[in-house]
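Comments concern the structure below.
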Amino acid sequence: MDVELLSRIQFAVTVGFHFLYPPISIGLGLVLVFFEGLYIKTKDKKYEQLTKFWLKIFALVFGMGVATGIVMEFEFGTNWAGYSRYVGDVFGSPLAAEAIFAFFLESTFLAILIFGWNKVKPKTHFISTILVALGAHLSAFWIIVANSWMQTPAGFKLVGEGLAQRAEIYDFWAMVFNPSTLDRYFHTLSASWVTGAALVVSISAYYLLKKKHKTVSMTSLKVSLVLFIIASFTQLATGHSNAIMVANNQPAKLAAFEGHYETGPADFYLIGWVNVEEQTVSGIALPNFLSFLVDFNFTTPIKGLEEFPPEDRPNVQVVFQTYHIMVACGMLFIAISLISIYLWYKKQLDKYKWYLTALVPLFIFPHIANQTGWIAAEVGRQPWIVYGILRTKDALSPNVQSSEVWFSLILFTLIYLFMLIMFIYILIKIIKKGPEEVSGVSY
């Protein structure tokens, strides 16, 4: 493998492992706000019990997110020096904002959240919980700003000539609210809410199946299902909005989503396989439905990949398959939401073993959707690292050797696998112990 592909794989591995944790912390932080808010309002001990239990898991997830995210900052300098030199003035701004306005907020009030029980007033502790959740949401915003600028760059100008040329910000807010920021941010948020809620749903269902902690488990199941259901339908809406944004700003990516080669009305595939050589797709499709989704018109022409030079096209097979896996997961969440609404209405949420059994592995599927959606978005941007401005091959560090990338790739993969195993081990220990009974004075 050449250095470019190896470096891309290395960054994908590090980001992929890191991306397991922030969506959980965003969604779980919101669940903690619900639990503690209900405790403040009702003084019911079961909500305090749930808050303390899920706080342990939140702290574990937060720590893993911090530990796995550090390496990426260094990779910009080691593997992507060309990128750092060319767009560092732009890209560094939202990353700095994330650290100052989001990470510090989240980490500071997390200390009060964890250690502040019986040391601060109830409302002070609750405000800390809200600020931690807010910090997680703000952190996601600035990271999405940085990544969205790479997808739809705006608010910058190129200065200098030749090898000295680089990008500079001339309109900070145009950079922040570039054409894809809000669509991608709200889609990421809804996905994170689904991820955090699904974890709570899965563990609550597990306890109900085992007939353990029945009262608090039923409560946590209902609270988390509310968020899961709302987020599932929100994700459907934000996904549609995001697709329209891609159609307007990255037509080659949209065409790759559906393996659409010839300009004209485009089908929407439920499942399929792309024959890249023959430029055809075989599978089950809804005729012209992509055109309808983009413009609410079945006859709207969608620009095909034929209009882009081969060297400007992404890897169509990878983009097609990952995009459809993400969509399939989203439809699964909608189906589970509808079933849950029906059973809740019938007051039968805990009556059917098959339903609870189906909920136990639910936590896995949001991660599959997150990872495949991220791959579809990032590979769909190729061969550009900054869309239409800087090619990925030109962003590499000139002196990095493939042997060096191989070594660090293997090393990072082993370290991250070890960390994931330890995370799962500690998480299982917390789950086996379960929510602890609380009594006496709470604060």
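What to note about this one:
- Residue within region 416-437 that is surrounded by 13 or more Cβ atoms within 10 Å (Cβ to Cβ) and either modelled with pLDDT under 90 or over 26 Å from the mean Cα position of the chain (by Cα) (or both) present: yes
- Test: L227 is within 30 Å of K303 (Cα to Cα), of a type in the set (A, V, I, L, M) and either surrounded by fewer than 20 Cβ atoms within 10 Å (Cβ to Cβ) or within 21 Å of the chain's Cα centre (by Cα) (or both): no
- Among the residues listed as S148, S107, the single one being surrounded by fewer than 16 Cβ atoms within 10 Å (Cβ to Cβ), in contact with a Phe, Trp or Tyr (Cβ under 9 Å, 6 or more places away or on another chain) and among the hydroxyl-bearing types (S, T, Y): S107
- For region 351-365, residues that are more than 11 Å from I325 (Cα to Cα), part of a helix (DSSP H, G or I) and not aliphatic (A, V, I, L, M) total 6.
- Filtered residues of region 289-335 (kept if among the hydroxyl-bearing types (S, T, Y) and either crowded, with 19+ Cβ neighbours inside 10 Å or modelled with pLDDT of 90 or more (or both)): S291, T322, Y323
- Residue-level analysis places W80 among those that are more than 30 Å from E436 (Cα to Cα), out of contact with any helix residue (DSSP H, G or I) (no Cβ under 6 Å at 6 or more places or on another chain) and not small (G, A, S).
- Subset of region 156-202 (residues that are small (G, A, S), free of Cβ contacts under 8 Å to residues at least 60 places away in the same chain and either touching an Asp or Glu at 6+ places or on another chain (Cβ under 7 Å) or not in a helix (DSSP H, G or I) (or both)): G160
- Subset of region 127-154 (residues that are free of Cβ contacts under 8 Å to residues at least 40 places away in the same chain and not in a helix (DSSP H, G or I)): A154
- Filtered by the rule that a residue be in contact (Cβ under 8 Å) with a residue 60 or more places away in the chain and surrounded by fewer than 19 Cβ atoms within 10 Å (Cβ to Cβ), region 78-92 gives T78, A81, R85, G88, D89.
- Contact map, region 396-422: first residue under 18 Å from E4 (Cβ atoms), second residue exposed (fewer than 14 other Cβ atoms within 10 Å of the Cβ), Cβ cut-off under 6 Å, separation 6 or more or different chains; the map is empty.
- Taking every residue in region 3-15 that is in a helix (DSSP H, G or I) and pairing it with any residue that is acidic (D, E), at least 6 positions away or on another chain, the pairs with Cβ-Cβ distances below 6 Å are F11/E75.
- The residue list Y269, Y261 contains one member that is over 28 Å from the mean Cα position of the chain (by Cα), surrounded by 15 or more Cβ atoms within 10 Å (Cβ to Cβ) and at negative phi, which is Y261.
- Residue match in region 94-115 (condition: at pLDDT 85 or above and among the polar types (S, T, N, Q)): no
- Residues being outside any loop (DSSP other than H, G, I, E, B) and surrounded by fewer than 18 Cβ atoms within 10 Å (Cβ to Cβ) - total across region 110-126: 6
- Cβ pairs under 7 Å, 6+ apart, first in region 230-241 and more than 9 Å from S190 (Cα to Cα), second not in a helix (DSSP H, G or I): none
- Filtering region 378-420 to residues that are among the polar types (S, T, N, Q), in contact with a Lys or Arg (Cβ under 9 Å, 6 or more places away or on another chain) and not in a helix (DSSP H, G or I) leaves only Q382.
- Residue match in region 60-71 (condition: surrounded by fewer than 21 Cβ atoms within 10 Å (Cβ to Cβ), over 23 Å from the mean Cα position of the chain (by Cα) and in a helix (DSSP H, G or I)): no
- Within region 290-339, being within 16 Å of E378 (Cβ to Cβ) and not in a helix (DSSP H, G or I) holds for R313, P314, N315.
- Some residue of region 330-349 being touching a strand residue (DSSP E or B) at 6+ places or on another chain (Cβ under 6 Å) and either farther than 20 Å from S190 by Cβ or without any contact (Cβ under 8 Å) to a residue 40 or more places away in the chain (or both): no
- Residue ID - nearest to the chain's Cα centre (by Cα), chosen from residues in region 1-25 that are farther than 17 Å from F76 by Cβ, aliphatic (A, V, I, L, M) and surrounded by fewer than 24 Cβ atoms within 10 Å (Cβ to Cβ): L20
- Any chance T195 is over 15 Å from Y355 (Cβ atoms), surrounded by fewer than 24 Cβ atoms within 10 Å (Cβ to Cβ) and not aromatic (F, W, Y): no
The values are calculated or read from the model by the stated rules, or taken from the named source; none is laboratory data. This structure is a prediction, so every number in the text was calculated from the model and none was measured. Every residue, glycine as well, gets a Cβ built from its backbone with ideal geometry; the counts of neighbours run over all protein chains shown.
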